[in-house]
Structure formats: structure tokens, C-alpha cells
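Enquirer: Provided herewith is a single structure, encoded as C-alpha cells, for subsequent inquiry.
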Amino acid sequence: MNNLVGDFFRMRLFWPQSRRRLTAIALNLALAGTTAGLMFACAEPEPTPGDGASQPSTGGEGGALKLGALLPATGDLSSIGQNMPLAVQLAVDTINACGGVNGQDVTVVIEDDQTDPTAGVSAMTKLAEADQVAGVVGSFASSVSSAAVPIAVRNNIMMISPGSTSPVFTDQAKKGEFKGFWARTAPPDTYQAQALAALAKKQGFTDAATVVINNDYGVGFEKVFVESFTADGGNVTNKDNPVRYDPKAATLDTEAAQGFANSPDAVAAILYADTGSVLVQSAYRQGLMDGVTLLLTDGVYSPDFVEKVGKDANGVSLLSGALGTVPGADGKSLEAFTAQWKDATGGKDVTAFVPHTYDATVLMMLAAEAAKSNTGAGIQSKIRDVSNGPGEEVTDACEAIAMVREGKDINYQGASGNVDIDENGDVVGTYDVWTVKGDGTLEVIDKVTPGSGS
């Protein structure tokens with residue numbers, strides 16, 4: 001999908017104008033969803049980054065700040081990703097309404113990665129070489145980010161993901177592979193997997209099995225969950241024979257049977273919405289779900305997933321009683337952001353990872369202003385200063401950028417959390433515990449901290 005945003009008039013804090021703009025983006029994304037098709041390629045080997053340019057770009061060298069967004073409007077994560085481009089645009093509108101960055105309005109190019117590494121590489125190459133953006137918000141799927149981040153690093157483009165939570169990025173950052181051009185505003189699954197294991201312990205489960213999507217996200221999560229659950233005295237029934245499903249498989253009957261074998265108390269199912277619904281339906285048809293609690297994660301925290309799984313003959317959701325974790329949004333600016341979001345979108349709820357997307361975009365712009373440079377290298381040089389510095393804590397984006405213009409040190413406190421980005425590009429967060437009720441609605445019922453049973 002090409003640039004869905006185009007050129008927009010400056011908002012000047014008139015939210016009705018922003019609402020019309022965000023509605024237009026949503027319509028364009030919906031149209032993309034009807035034409036792009038579903039490409040479930042998350043488990044494919046990482047594609048080779050594009051070599052279209054003979055020379056790497058310089059990450060937005062010269063001119064006004066131009067950002068990109070690489071997010072899933074279609075594909076296996078579209079049910080969660082559909083609101084993310086709106087959050088990017090809202091952040092840009094907000095900063096432009098209070099003076100822009102380095103004296104000029106910021107522009108943004110939004111691309112659909114289709115939840116597919118191959119499509120992600122193509123879109124990232126376009127953003128780097130044709131659009132010459134300085135920073136990219138994205139991707140959401142870890143497999144797409146894994147494929148796209150080498151292009152960003154090669155072209156000196158800062159990349160901040162609002163939701164690629166695989167632990168592999170921490171490992172790569174520790175090896176210096178990203179050169180500081182990678183960060184994320186959602187905590188890595190090193191923490192979420194520990195939180196899910198803590199939830200299992202809190203529920204009194206002693207035997208658990210795992211079934212995961214076969215990609216960076218699923219396999220990385222599985223590894224840490226198994227380590228954490230067994231360290232707490234739990235038994236993983238299929239530890240020696242992990243079940244990892246191919247999202248391109250025609251059926252998932254065998255994987256469902258293997259994942260639910262040996263009568264576990266719970267099954268930690270690390271899924272994406274479209275393909276995960278097929279697996280859960282298969283487990284139900286085979287009579288495998290009686291007495292077993294599903295433990296789910298952020299990848300399926302969406303009403304669309306529950307709807308796709310469906311209900312039984314009595315109208316009760318097949319997922320009734322399932323428990324899950326999702327990175328919580330508990331930032332000091334969450335309340336103000338929620339009001340702003342509802343005003344700008346005509347009353348839309350703040351869905352999962354929307355605050356993380358907004359914060360990622362705001363941090364890009366604050367860093368560029370702090371660096372007095374609209375380049376990727378400039379953003380990279382100041383991203384930790386504005387997010388995790390010793391400066392004054394500030395929650396309002398306009399107030400924050402005004403302080404940066406005045407040469408003041410700040411510590412931006414986001415809607416998603418404190419966004420204290422560390423040397424590996426990671427943040428630490430808490431996790432909401434959610435459940436699926438009998439009528440299919442989702443409800444947050446608790447919080448859980450990594451490494452604890454509470």
C-alpha cells in the first residue's frame with residue numbers, strides 16, 4: 001500500500017479536522033484490506049533485505065522531518081493493527097499544531113506490511129530509498145521487524161516498534177547489530193512470558209502445555225515461558241516436543257491434538273488472530289478443551305479474534321474462561337491521551353498498543369527537535385535523552401517539545417508508560433490480565449508483574 005495519508009492541512013488543534021483526517025485514513029486502510037488479501041507468511045525465513053539502492057540513504061537528510069509507519073492494516077495481525085496508523089497521524093497532528101519540529105511541519109508516509117516479512121521488506125525499502133524517511137514507527141509483528149530493521153540500520157533510519165516483543169531484538173542489540181537505530185515502546189516477551197508464567201502459578205496450575213506460532217514471536221515467547229514456569233515448580237507436559245504451527249498450513253488438526261495432549265491444566269497458546277482461531281476451533285471440534293484453561297497473549301487481544309473463534313450451540317463463546325496477558329498502558333498521560341483520542345476519532349476506544357504507537361511517534365519528534373536535526377542519526381543520538389534522561393518529567397507532547405526548543409532537559413512520560421528506553425532499546429512494563437466472558441466480551445480483571453505470582 002502506498003502513502004495512505006498524502007498531504008494534510010495543518011490541524012492547529014481543531015480536533016474536528018483531525019477527526020476527518022483520521023476517518024479518511026481508516027477508510028483507506030479498509031479499502032486496502034479488501035484488495036490486499038490475507039498473506040499469512042509470518043513463519044517464512046527472513047527475506048534478504050532489498051538492494052534497490054546502490055548507496056544507502058542518509059535517513060532523511062535535509063528538509064522537514066519525514067517519518068514512516070510500517071504497520072499491519074491487513075494480514076494475521078490486522079485486527080490489532082488497524083488503529084495504529086491513526087495513532088501515528090494523531091501524534092504528528094498534535095506536534096504540528098504546536099509548531100512542528102525544527103520550525104517545520106512533520107509529514108508521515110504510512111505503509112501496510114500485511115503482517116508479512118516479504119511485504120514488509122518491500123515497504124521498508126520504499127520508505128528508506130524512495131521516501132527517504134528519518135524514522136519509522138513499526139513494525140508490529142516481530143517477524144516483519146526482524147526483516148525490516150537491517151534496512152533501517154543500513155540507511156541510518158531510527159526504528160521504534162510499538163509492539164514487536166520478541167526477545168531476539170534484545171539479544172541482537174546487545175551484540176551491537178542495530179547501532180542504536182532500534183527501540184520499542186512495548187516491553188519484550190522476556191517479561192510477558194514471565195508474566196504469563198506468574199499468572200499460571202497464581203491460578204494454581206501445575207501442568208501446562210504450549211502451542212505457538214512458528215516465528216520469532218511464538219518461539220521466543222515459548223522458550224521464556226517454559227523456563228519461567230518450570231523454575232516456579234510447574235511442569236510443561238510437552239517440553240521435549242514443543243508444538244509450533246505453520247501459519248500457512250491448510251489445517252491445524254494435528255497441532256491442536258498435540259498441544260492439548262496429556263490432559264494439562266492449561267495450554268499456553270501463543271497465537272495470531274486469524275490462524276490462531278483455526279487452531280482453537282480444531283481443538284474444540286476434537287473435544288480437547290474440556291477442563292483446560294487457555295492462556296493467551298497480546299497477539300490475540302482483540303474482539304475480532306473472539307468473534308472468529310465463535311460460539312457453541314448454546315451461544316457461549318468457545319473461549320469463555322480463557323485468560324491472557326497484554327502489555328498494560330498505565331502512563332501518566334494516559335487519561336489525557338484517551339480524551340484526545342476519543343475526540344479525534346469520534347469516540348473510538350483506545351485499543352491495545354495504540355498508546356505505544358502514539359508514544360513511539362512522539363519520541364521520534366522530540367528526539368529530532370533535541371538534536372536540531374531532521375535525520376535518523378539525529379533522532380538516534382537523542383532518543384534516550386528525551387525518554388530516559390535526568391530531565392524534568394513531562395506528560396504533554398506540546399509542552400515537551402516546547403521545553404526541548406528552549407534547551408531544557410526532559411524525561412517524557414508517555415500514555416503507555418514511562419517509556420524509559422534502555423541501552424538495548426527496551427522498556428519495562430506491567431501487564432494487564434484479561435479474560436473472555438461467556439458472551440464473548442473481553443474484560444481486564446487484574447494486573448501481573450513479571451517474575452511474581454501476583
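The values are calculated or read from the model by the stated rules, or taken from the named source; none is laboratory data. Keep in mind it's a predicted model, so treat the numbers as computed, not measured. A quick note on method: Cβ atoms are made from the backbone with ideal geometry, for glycine too, and the neighbour counts reach across all protein chains shown. What goes into the accessible areas is simple: the full protein's heavy atoms, side chains included, and nothing from ligands, DNA or RNA. Shrake-Rupley method; radii C 1.70, N 1.55, O 1.52, S 1.80 Å.
Enquirer: Provide the solvent-accessible area of THR251, counting protein heavy atoms only and rolling a 1.4 Å probe, rounded to the nearest 10 Å².
Expert: 90
Enquirer: Here is a further query. Once you charge only the Cβ atoms, +1 for Lys and Arg and -1 for Asp and Glu, what is the size of the charge dipole of the stretch 316-454 about its Cα centre, to the nearest 20 debye?
Expert: 280
Enquirer: Show which aspartates and glutamates lie in cross-link reach of LYS311 when reach means a straight Cα distance below 18 angstrom and same-chain residues fewer than eight apart are skipped.
Expert: ASP274, ASP290, ASP439, GLU443
Enquirer: Return the label of the correct value of semi-axes √(5λ) of the Cα gyration tensor in Å, as calculated from the structure shown, out of [x] 31, 29, 21; [y] 36, 22, 21; [z] 40, 27, 19.
Expert: Evaluating semi-axes √(5λ) of the Cα gyration tensor in Å on these atoms matches [y].
Enquirer: Could you give the accessible area per residue of the chain, probe 1.4 Å, as a whole number in Å²?
Expert: I get 37 Å² per residue for the chain.
Enquirer: Less than 12 Å apart at the alpha-carbon level, and either on another chain or at least 8 residues along: which aspartates and glutamates does that give for LYS175?
Expert: Within reach: GLU423.
Enquirer: Taking the full set of protein chains and a 1.4 angstrom probe, give the accessible area of LYS437 in square angstrom, rounded to the nearest 10.
Expert: So the heavy atoms of LYS437 present about 90 Å² to solvent.
Enquirer: Under 8 Å for C-alpha pairs, at least 6 residues apart: give me the relative contact order for the chain, rounded to a whole percent.
Expert: Computed over the chain, the figure is 18 percent.
Enquirer: Moving on to the next point. Given contacts defined as C-alpha pairs under 8 Å and at least six residues apart, what's the relative contact order of the stretch 237-291, whole-number percent?
Expert: 40
Enquirer: OK, next. Of all DSSP beta bridges located in the chain, what percent are antiparallel, nearest 5?
Expert: Around 30 percent antiparallel, to the nearest 5.
Enquirer: Moving to a separate point now. Excluding residues on the same chain fewer than 8 positions from LYS372, give the aspartates and glutamates whose Cα lies under 18 Å from its Cα.
Expert: GLU61, ASP105, ASP385, GLU399, GLU406, ASP409
Enquirer: Further question: Just need the relative contact order of the stretch 280-361 here, percent rounded to a whole number, with Cα pairs under 8 Å and 6+ apart.
Expert: The value is 27 percent.
Enquirer: Per DSSP H run of at least 4 residues, take -39500 (n - 2.57); add these up for the chain, divide by its residues and hand me the 222 nm value, nearest 500 deg cm²/dmol.
Expert: -12000 deg cm²/dmol
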